Protein chains: 2
Amino acid sequence: MLHAIVLTLTVAAQRTVLDEFTQLLAIPNLASDAPNIQRNAAAIRAMFDKRGLTTRFLTMEGAPPIVVADYKVPGAAKTIAFYAHYDGQPVDATQWTSPPWTPVMRDAAGHDVDWRNASAIDPEWRLYARSAGDDKAPIVAMAAALDQLKAAGNKPSQNLRFVFEGEEEAGSPHLAAYLAKYPDVLRPDAWVLCDGPVHQSRRMQLFFGARGVVDLELTVYGPIKALHDGHYGNWVPNPIVRLTHLIDSMRDESGRILIKDFYDNVKPPTASELAALKNVPPVEDDLKREFAIGTTERKSLNDALLFPALNVRGIAAGHVGAQASNSIPTEARASIDFRLVPAQTPESVKALVEQHLASQGWTIVRDTPDAATRAAHANVVRVEWGPGYPSARTPLDAPLSRTAAALMRAAGHDPVLLPTLGGSIPMYLFQQPGNTPVIGLPIANHDDNQHAANENLRLQNLWDGIDVYVALFRGL
Amino acid sequence: MLHAIVLTLTVAAQRTVLDEFTQLLAIPNLASDAPNIQRNAAAIRAMFDKRGLTTRFLTMEGAPPIVVADYKVPGAAKTIAFYAHYDGQPVDATQWTSPPWTPVMRDAAGHDVDWRNASAIDPEWRLYARSAGDDKAPIVAMAAALDQLKAAGNKPSQNLRFVFEGEEEAGSPHLAAYLAKYPDVLRPDAWVLCDGPVHQSRRMQLFFGARGVVDLELTVYGPIKALHDGHYGNWVPNPIVRLTHLIDSMRDESGRILIKDFYDNVKPPTASELAALKNVPPVEDDLKREFAIGTTERKSLNDALLFPALNVRGIAAGHVGAQASNSIPTEARASIDFRLVPAQTPESVKALVEQHLASQGWTIVRDTPDAATRAAHANVVRVEWGPGYPSARTPLDAPLSRTAAALMRAAGHDPVLLPTLGGSIPMYLFQQPGNTPVIGLPIANHDDNQHAANENLRLQNLWDGIDVYVALFRGL
């Protein structure tokens, strides 16, 4: 059946990988920087051309190209697509130790090292640059895995398709349109999404879903001009107090959402999901120390991620600190995001939230209310829904899920199996409408400072990634 | 007994008053602007010198002088002091129709009028300038009242002392020290405080007290760094939600304070205070329209002011609107001010609030807590108490109170009797330690834009003020 391939890259081979990696990392990659984004796309296309794959750009007006590289296997029935993205988060260069697009290798103590001339390459060294972890490492690892596969005289068992997006960090604004425009290319038989970090325990992981999300902005109103609270307090409604009571009517301190019927269409976890959670290494105590928190809302982190969440992202009204004045403010705002699980949708959540607001005596408006509207109702709330999308899940016992886990185990990288990410990625776009199996396979270290300054990739994570890709290319 | 003095100033006399008023208003009067503050003090001293009073400056290093003018009556047993202040609020000149220290007369339609050459002076005209209402009008009206008294061949019944402060709008930082340094001057037998506006119904008013105040800043803590709420929400405590629950544990939406024993040392209103409230003209419906509010907390505005209040002045955490990001913020802050009534003190309130916090499971710290402190306790709150002082009340049936009201009634200015202002002024400083009777007699129109741009005084209020001062000087 499955055979473990034990790869040990020579120092020369490692240097070749790092050479390709540092060249790619040296190209600035903000989605909004069109000339450099094109340079990234061209460089990646050249990497896969060089390896004999059939490459092309998918294009759309005003969007970075999607780079596609195909490895056709004569007689293969299925096509497995591997996804990564080549754009990166914006940078605040003043916060970086070295310039974000000048890759620098450092040892575990943080000292620069000359990897090109070193006799051995320590797997605990890290390469620092924007997108080292998120998300150029998988691109370089996939290319290197193709070389390894060839060197071992192996071939993929199915057709492979590599798909690299150029605006994921900008919110993938054209991804749905791309999927609609190129169904023949972007509707493979299965997807492996290579983005994000491995488990906090440093073990590799597979994830099988992601929570959906929908944003909500609530504004409640006090007097139409700020009033002296000595003269009018206790009589003129304080909008901050209205808002705190409104928030507390929606959610308790243990994370439970109090909105009527909110859990009615939440699918309970499957037996295989619950079983997988039991095997997730415990990290709660470490995280409590790292975050300096003396308590938690739900007891188990992984358990918490299986449920929908109501997070208050921000709240603002009047002034605090030195700017505070003794007045009743005119309005109070809260910004909320909901995390959704199967079978919730943004639409189902919107309906329940608005029913709740009405049941609590709130009059809903969509724009800033005028004085007449404010005077006509006891409680007016402006409700602004932001963008959103549903969750996605692939069953842990689907053939793709089971095979991928078995291949990783055989390659010596027994993965943590996460039924879902807590965060939201638009996995449903890849999954729908055909219910295509989609799994997530991240390779970056969990402490890679993704989205922040001094982003980095720990080299062992790169070698592990190459290992695992070889196993999947060969065995899936 | 008491005889009404019906004053009708001639147009010439009105012009003389307005001439003196505009000259005083033309001198910039920020407490921090020492040279101009000295010019104001000198001008006021000259006004009272000219009328034959004995004047002096009380001085203190770094503080504007207090101008004192004495009118000694041979054989009089008591000294009645009249207080006003000559400094004004800071200005944002860009918001003013005309420069703040260039007095301009306008008619009710807002058109400039040439009052110096008009054949008649409409009492609905308004004089626009910083401090026209707050608080130079009483100073000019007192000086004019002395002229009227003299012209009618009358003398005061008691010694009069005029006391004019120069840093009230800066928070009276030296008032307590002045009172301690000059007890012979600043401990008269009674005080009449002439500051603030008349009743919203346009009737004159007397007030007999003011609420005390104490400020409180609360900061509660989440994770020590902002976290992705998709990955950690429902497990890592959200500090905003902790804070909203804390606020809601302290106060309900009808203004009732839920802190244990909070009302225990609140003195119930006296029979005469309750009787006075029944005679306060109703303004609630007008105010609800003006403020565009569809409901109120307590039903009656005046009733609300007899109780202590907990006002949330501001709240801040994370971001709202376009800046909102899907994260769990590190802390959440609320700024609160309490309004106090007899016999509460800042100290009694502090003790009750801190007992409440402890009973709700909060660990109180005084500074920003370190990671170890945050990790060691389920709920940590930083408590910062701001400045505060107690309330003051003079009984409505005290001789000063009854006589002042009767004199105003006889002069045709039946006053609204307010047991207390809702706002806080340091009336207790004038009252303590000897329990000196202190009453408040404002003359400015309620819609004078005090503290804001286009501050103004309606001329009828000036004429009414002169009337009433004549009556009080003669009869008190």
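All of the numbers you see were taken from the coordinates with simple rules; none came from a lab. The structure presented is a predicted model; accordingly, all values stated were derived computationally and were not measured. For neighbour counting, all protein chains shown are included, and Cβ atoms are generated from backbone atoms with ideal geometry for every residue, glycine included.
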### Task
Assign unit charges at the C-beta atoms only (+1 for Lys and Arg, -1 for Asp and Glu), then state the dipole size of the protein assembly as shown relative to its Cα centre in Debye, rounded to the nearest 20.
700 debye
### Summary
Long-range alpha-carbon pairs in chain B, meaning those over 31 Å apart, account in percent for 50 percent
## Note on the structure
Residue-normalised 222 nm signal for chain B, counting each DSSP H run of n ≥ 4 as -39,500 (n - 2.57), nearest 500 deg cm²/dmol, is -9000 deg cm²/dmol
### Message
Going by Cα centres, region A:410-476 and region A:239-301 are how many Å apart?
### Response
25 Å
#### Entry: For peptides B:419-429, A:99-109, sequence by mean Cβ density within 10 Å, most packed first
B:419-429, A:99-109
## Note on the structure
Here, A:Ala271 and A:Val283, labelled 7 Å along Cα→Cβ, have an inter-label distance in nm of 2.9 nm
### Task
Could you please state, rounded to a whole Å, how far the C-alpha centre of region B:165-235 is from the C-alpha centre of region A:148-173?
66 Å
### Summary
Most packed first (mean Cβ within 10 Å per residue), the peptides B:83-91, B:320-328 order as B:83-91, B:320-328
### Query
In bins 10 Å wide, starting from 0, what share of all Cα pairs of region B:223-372 does each bin hold, as a percent?
8, 29, 29, 20, 10, 3, 0
### Query
Over the Cα atoms of region A:322-400, Rg to Rh with Kirkwood Rh, two decimal places?
1.17
### Query
Mind checking the angle between helix A:459-475 and chain A's longest principal axis? C-alpha axes, 0 to 90 degrees, to the nearest 10.
70 degrees
## Note on the structure
Here the whole-number average of other chain Cβ atoms within 10 Å per Cβ of B:370-382 is 3
### 5 angstrom amide H check on B:Ser327, placed H, neighbours 5+ away
B:Asp229
### Message
Need one number: nm distance between label points at A:Asp33 and B:Ser98, each 7 Å from Cα along Cα→Cβ, rounded to one decimal.
### Response
5.8 nm
### Message
Please compute one quarter of the surface area of the Cα convex hull for region B:120-172 and express it in square nanometres.
### Response
5.7 nm²
### Query
By how many degrees, 0 to 90 and rounded to 10, does the Cα axis of helix A:11-25 deviate from the longest principal axis of chain A?
40 degrees
### Task
Please report Rg over Rh for the protein assembly as shown, where both radii come from the alpha carbon positions and Rh follows the Kirkwood definition.
1.13
#### Entry: Modelled FRET efficiency - R0 35 Å, A:Ala452 with B:Ala176, Cβ distances, 0.05 increments
0.10
### Query
Across the residues of B:330-338, average count of Cβ atoms on other protein chains within 10 Å?
4
### Query
Going by the alpha-carbon gyration tensor, a ≥ b ≥ c the square roots of its eigenvalues, is region B:376-466 rounded (a/c under 1.5) or, if a/c is not under 1.5, prolate (a/b greater than b/c) versus oblate?
oblate
### Task
Quick one: order B:Leu287, A:Leu146 by neighbouring beta-carbon count within 10 Å, fewest to most.
B:Leu287, A:Leu146
### Query
In whole angstrom, how far apart do the alpha carbon centroids of region A:46-91 and region B:311-335 sit?
42 Å
#### Entry: Translational D in µm²/s for region A:143-274 (Stokes-Einstein at 25 °C, 0.890 mPa s, Kirkwood Rh from C-alpha pairs)
113 µm²/s
## Note on the structure
The value for region B:138-196 (convex hull of the alpha-carbon atoms, volume per residue, Å³) is 99 Å³
### Peptide B:243-254 - average C-beta neighbours from other chains (10 Å radius)
5
### Query
Mean shadow of region B:392-443, computed from the convex hull of its alpha carbons, in nm²?
3.8 nm²
### Query
Does region B:103-216 classify as rounded, prolate or oblate by the C-alpha gyration tensor (a ≥ b ≥ c root eigenvalues; a/c under 1.5 gives rounded; else a/b over b/c gives prolate, otherwise oblate)?
oblate
### Message
Using Cα-Cα distances under 8 Å and only pairs 6 or more residues apart, what relative contact order does chain A have, in percent?
### Response
26 percent
### Task
Specify the angular offset, from 0 to 90 degrees and rounded to the nearest 10, of the alpha carbon long axis of helix B:239-250 from the longest principal axis of the alpha carbons in chain B.
60 degrees
### Summary
Violations at 31 Å Cα threshold for listed pairs A:Lys225/B:Lys260; A:Lys260/A:Lys299; B:Lys72/B:Lys181; B:Lys155/B:Lys278; A:Lys136/A:Lys267 -> A:Lys225/B:Lys260; B:Lys155/B:Lys278; A:Lys136/A:Lys267
## Note on the structure
By the mean-Cβ-within-10 Å protection proxy, highest first, B:61-69, B:131-139, A:180-188 rank as B:131-139, B:61-69, A:180-188
### Task
Report the residues of region B:14-56 in range of a label on B:Arg116: point 7 Å along Cα→C-beta, backbone N strictly under 20 Å from it.
B:14-28
### Sites A:Ala151 and A:Ala42 - FRET efficiency at Förster radius 30 Å, r taken between beta-carbons, to 0.05
0.70
### Message
With the cut-off at 1.5 for a/c, could you classify region B:44-187 from its C-alpha gyration tensor as rounded, prolate or oblate?
### Response
oblate
